[in-house]
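One structure below.
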Amino acid sequence: MKITFDTHTTFSFNKATQHEWLETNGLGGWASSTIIGTNTRRYHGLLVAASRPPIGRQVLLSKLDETLNIKGKSYPLYCNSFQGAIVPEGYIFLQQMVQGIFPEFYYEAGGVKLKKTIVCVNGENTTVILYEVLAAPEGFELALNPLVAARDFHQLNHAGNHFSTNFEYGEGRFFCQPTASSLPLHLVVPGAEFTSAPDWYYNFKYQEEHQRGQDSTEDLFSYGKFTVRLEAGQKIGVIASTQPCMDRDAFDMVQQEETRRKEIVKESGVNHPILQKLVLAGDQFIVQRGDNLRSIIAGYHWFSDWGRDTMISLPGLCLTTGRYADARKILHAFSKHLNQGILPNRFPDDQHVPEYNTMDATLWFFVAVYKYYQATNDKAFVAMTLLPVMEDILNWHQKGTHYGIHMAEDGLLAAYADDAALSWMDAKVDNWVVTPRKGKPVEINALWYNAIEIYARLQKELGSREAYQLGKQLARKVRKSFLKTFWNEKLNCLYDCVDGDFKDDSIRPNQLFAVSLPFMVIPPKKAWGVLKQVESRLFTPFGLRSLCKENPAYKGVYDGDQWQRDGAYHQGTVWSWLIGPYIDAIIRVKGELGREQARWLIRDFADHFRDAGTGSVSEIFDGDEPQSAKGCIAQAWSVAELLRVSVAYQLLEDPTSPFAPPPHRKPVMQELVGIKRYWEC
């Protein structure tokens, strides 16, 4: 499945800069930009390397600006945005951008047709750029100007920041150490001449940073320019890396990477174009952690690996695709970082100590383990390595652990931290916790019930009969208390959070997990009430709103500075990963009607592959129409959940027509004349 942008998009700067491509290297690093090569984020770069995989990311090589010199005339193929100017307008020479296995760019200028392919090599901080001359009336010169940032990926660079102008060059091989704290940069440009011209390029403007209320200008450094003579039919492979690559062939490296990716798709067993695209998108998030373990990057460009996101994503990214060894390594990696019964919330880029401010990541671990066991029947690993960890987790939660997380007398889980947001609705700016949800959140206790049930069932099969009986006894208590505590008789659904006499009746998607998780904690009749509220008041074609529109706290647009954005993050913003539990719920409650509804939802959603991060799924969308994509351009759990439910429920069975509905049928959304009207019937 290829995604193609022609001149209707590439000839418009404003249109083209709304589409971004992403290549990743399995270490946490990447190459990424807009489809016309104009960097609009501080996170864009041609070589963004992970110094401590999968964290410690540095934007090393920001750009490689290309110019064609033909018959004494120069044709710049690049485009940069500066304060008040877009110079040069090289996008007018880009005829087509194709996102297939790799991003490909097709240029035409002065009679020369040039194809460029950009590839990140898995397991290395290495980016390969291939140039192939498809047509040329005569020989010409390709000039390459590498612009270096050499900084932490969250920071911006400015002239004079202790940059070293020293470099080494010989026989097409370039080396420099830009700063004392940066990674080294190696460039290989076979057959090229290098002209030293050290200089700063000032005031690059990053539009996306400006819109997010962040610092948005940067200076970049050039050591000089490479030039190489080319003719029709010739090709050249440029290598940018943190390690020496003088004896390596760029085209062989790309071929090996192409083979690796095709093998991943083949081993997944999927044959539908949409699913194959999701498998490749999912591969981008699975990264190395330590010497022989794995983890999952939550989202690109700014997230590291988060416990919650990892556990939610693992079934879709690893189990659905047959990557069982990776799943095992991920579970093992996180189990090794347990602290007083809590899994890490995240591994920050700027420190070695994980953060443990989470109430639900640990509970999602139980769901991931259960699904891993169902998929693999790996009794030895689960019994010997994971089951003792699960027992330790339950013990800590019952007696109390970090942030006041503890089991109350009624068996439910509660926490009362004033300065922390412990659920997945975790937005916090300075000391402002946007959605504190203190006390007993509904989805936390649905997960708590599932954790106990899963532990009990695994003990019955792999461990102690006594532990199984104690687990079942506690599960019955929790289930009884859950219904008594959370059922909202007036609205025929569940309260979002309960703290003593305070019962929050905000309509949020959290109550859906009482229906969607492996073990439903409420009776089927009440599940209908929950689903009715969620569908009629939260549903959008891109996921579920985090708060219903009728609530006074609702924010329909995710935009502005950090205070404004985080104030909307879980106050109406649409989350695409919630499509997964939503489809679980509608199929569990509605049966075949729910399955048909889900089929059209997945097919319609596939159009989003052309938006934001091409070929992937965005983190969030505006709550208000037209639900514009926002946040990370590629989010692990968004991709994972779409992939998981699509395969699990066989929602995409016809590989010949991935997008358009059959002519004799209308989408189920039209057939039902809208979900809200459906429920009113």
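The values are calculated or read from the model by the stated rules, or taken from the named source; none is laboratory data. Everything quoted here is computed from the prediction, not taken from an experiment. Using ideal geometry, Cβ is built from the backbone for each residue, glycine included, and neighbour counts are taken over all protein chains shown. Ligands, DNA and RNA are excluded from the accessible area calculation, which covers all protein heavy atoms including side chains. Shrake-Rupley method; radii C 1.70, N 1.55, O 1.52, S 1.80 Å.
Output the residues belonging to segment 29-58 that are surrounded by 23 or more Cβ atoms within 10 Å (Cβ to Cβ), under 16 Å from GLU124 (Cβ atoms) and under 18 Å from the mean Cα position of the chain (by Cα).
Correct list: GLY29, TRP30, ALA31, GLY45, VAL48, ALA49, ALA50, PRO54, ARG57.
Results for (1) part of a helix (DSSP H, G or I); (2) touching a Leu at 6+ places or on another chain (Cβ under 9 Å); (3) hydrophobic (A, V, I, L, M, F, W, C), shown as yes or no for each residue.
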{"position": "TYR403", "(1), (2), (3)": "yes, yes, no"}
{"position": "GLU409", "(1), (2), (3)": "no, no, no"}
{"position": "ASP418", "(1), (2), (3)": "no, no, no"}
{"position": "ALA421", "(1), (2), (3)": "no, no, yes"}
{"position": "TRP424", "(1), (2), (3)": "no, no, yes"}
{"position": "ARG437", "(1), (2), (3)": "no, yes, no"}
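Taking the conditions exactly as written (in contact with a Gly (Cβ under 7 Å, 6 or more places away or on another chain) and in a loop (DSSP other than H, G, I, E, B)), does PRO137 satisfy them or not?
yes
Please go through segment 512-529 and give me each residue that is free of Cβ contacts under 8 Å to residues at least 60 places away in the same chain and buried (at least 16 other Cβ atoms within 10 Å of the Cβ), ordered by number.
Selection gives ILE522, LYS526, GLY529.
Would you check which residues across segment 243-273 are among the hydrophobic types (A, V, I, L, M, F, W, C), open to solvent by less than 10 Å² (accessible area, probe 1.4 Å) and not in a helix (DSSP H, G or I) and list them?
CYS245, the sole residue that qualifies.
Filter segment 592-618 down to the residues that are more than 19 Å from ILE36 (Cβ to Cβ) and among the hydroxyl-bearing types (Ser, Thr, Tyr) and list them by number.
Once the filter is applied, which keeps residues that are more than 19 Å from ILE36 (Cβ to Cβ) and among the hydroxyl-bearing types (Ser, Thr, Tyr), segment 592-618 yields only SER618.
Limited to segment 375-396, what total is found for residues that are surrounded by 15 or more Cβ atoms within 10 Å (Cβ to Cβ), under 21 Å from LEU314 (Cβ atoms) and either more than 31 Å from the chain's Cα centre (by Cα) or not polar (S, T, N, Q) (or both)?
12
Which residues, counting only those in segment 131-142, are of a type in the set (Asp, Glu) and either under 20 Å from GLY90 (Cβ atoms) or surrounded by 15 or more Cβ atoms within 10 Å (Cβ to Cβ) (or both)?
Hits for segment 131-142 are GLU132, GLU141.
Scan GLN284, GLN288, GLN276 and give me the residue that is touching a strand residue (DSSP E or B) at 6+ places or on another chain (Cβ under 8 Å) and open to solvent by 40 Å² or more (accessible area, probe 1.4 Å).
Only one candidate qualifies: GLN288.
Take MET359 and tell me if it is open to solvent by less than 20 Å² (accessible area, probe 1.4 Å), farther than 16 Å from LEU517 by Cα and touching a Leu at 6+ places or on another chain (Cβ under 8 Å).
yes
Could you tell me which residue of segment 317-369 is modelled with the lowest pLDDT, considering only residues that are among the hydrophobic types (A, V, I, L, M, F, W, C), in a loop (DSSP other than H, G, I, E, B) and over 22 Å from TYR449 (Cβ atoms)?
Among those residues, the one meeting the criterion is VAL353.
Kindly provide the set of residues from segment 450-509 that are acidic (Asp, Glu) and either surrounded by 18 or more Cβ atoms within 10 Å (Cβ to Cβ) or touching a Cys at 6+ places or on another chain (Cβ under 6 Å) (or both), ordered by number.
Once the filter is applied, which keeps residues that are acidic (Asp, Glu) and either surrounded by 18 or more Cβ atoms within 10 Å (Cβ to Cβ) or touching a Cys at 6+ places or on another chain (Cβ under 6 Å) (or both), segment 450-509 yields GLU453, ASP496, ASP504.
Can you run down the residue pairs with Cβ atoms below 7 Å, 6 or more apart or on separate chains, where the first is in segment 343-372 and touching a residue at least 24 places away in the same chain (Cβ under 8 Å) and polar (S, T, N, Q) and the partner is buried (at least 22 other Cβ atoms within 10 Å of the Cβ) and assigned to a helix (DSSP H, G or I)?
Between residues of segment 343-372 that are touching a residue at least 24 places away in the same chain (Cβ under 8 Å) and polar (S, T, N, Q) and residues that are buried (at least 22 other Cβ atoms within 10 Å of the Cβ) and assigned to a helix (DSSP H, G or I), the close pairs are ASN345/GLY307; ASN345/ARG308; ASN345/ALA361; THR358/GLY307; THR358/ARG308; THR362/ILE393.
Please pick out the residue among ASN161, ASN157 that is buried (at least 19 other Cβ atoms within 10 Å of the Cβ), touching a residue at least 12 places away in the same chain (Cβ under 8 Å), in a loop (DSSP other than H, G, I, E, B) and of a type in the set (S, T, N, Q).
Matching residue, one of ASN161, ASN157: ASN157.
Enumerate the pairs (first residue in segment 1-25 and β-branched (Val, Ile, Thr); second residue anywhere and at pLDDT below 95 and open to solvent by 30 Å² or more (accessible area, probe 1.4 Å)) with beta-carbon separation below 6 Å, excluding pairs fewer than 6 apart on the same chain, so at least 6 apart or on different chains.
Here the result reads ILE3/ARG610, each pair linking segment 1-25 to a residue that is at pLDDT below 95 and open to solvent by 30 Å² or more (accessible area, probe 1.4 Å).
Looking at segment 329-342, which of the residues that are closer than 18 Å to VAL287 by Cα and open to solvent by less than 20 Å² (accessible area, probe 1.4 Å) is farthest from the chain's Cα centre (by Cα)?
The qualifying residue farthest from the chain's Cα centre (by Cα) is SER335.
Just to verify a result, which residue in segment 211-242, among those that are small (Gly, Ala, Ser) and open to solvent by 40 Å² or more (accessible area, probe 1.4 Å), is farthest from the chain's Cα centre (by Cα)?
ALA232
Please indicate, with yes or no, whether at least one residue in segment 539-561 is over 24 Å from GLY631 (Cβ atoms), open to solvent by less than 10 Å² (accessible area, probe 1.4 Å) and in contact (Cβ under 8 Å) with a residue 12 or more places away in the chain.
No.
Looking at segment 106-130 only, could you name the residues that are touching a Leu at 6+ places or on another chain (Cβ under 6 Å), open to solvent by less than 10 Å² (accessible area, probe 1.4 Å) and of a type outside the set (Val, Ile, Thr)?
Within segment 106-130, just ALA109 meets the criteria.
Would it be correct to say that ASN145 is touching a residue at least 12 places away in the same chain (Cβ under 8 Å), part of a strand (DSSP E or B) and either open to solvent by 10 Å² or more (accessible area, probe 1.4 Å) or in contact with a helix residue (DSSP H, G or I) (Cβ under 6 Å, 6 or more places away or on another chain) (or both)?
Yes, satisfied.
When ALA648 is evaluated against the numbered criteria (1) open to solvent by 10 Å² or more (accessible area, probe 1.4 Å); (2) at negative phi; (3) modelled with pLDDT under 95, which criterion, by number, is the only one it fails?
The failed condition is (3).
Report, ordered by the first and then the second residue, all pairs with beta carbons closer than 6 Å, sequence separation of six or more or different chains, a first member in segment 203-214 that is closer than 16 Å to HIS154 by Cβ and touching a residue at least 40 places away in the same chain (Cβ under 8 Å), and a second member that is buried (at least 16 other Cβ atoms within 10 Å of the Cβ) and of a type in the set (Lys, Arg).
Close Cβ pairs satisfying both conditions: TYR206/ARG41; TYR206/ARG42; GLU208/ARG41; GLU209/ARG42.
Do we find a residue being out of contact with any helix residue (DSSP H, G or I) (no Cβ under 6 Å at 6 or more places or on another chain), outside any helix (DSSP H, G or I) and over 18 Å from ILE522 (Cα atoms) anywhere in segment 450-468?
Within segment 450-468, one or more residues are out of contact with any helix residue (DSSP H, G or I) (no Cβ under 6 Å at 6 or more places or on another chain), outside any helix (DSSP H, G or I) and over 18 Å from ILE522 (Cα atoms).
Sort out which residues of segment 587-630 are among the charged types (D, E, K, R) and part of a helix (DSSP H, G or I), and write them in order of number.
Result: ARG588, LYS590, GLU592, ARG595, GLU596, ARG599, ARG603, ASP604, ASP607, ARG610.
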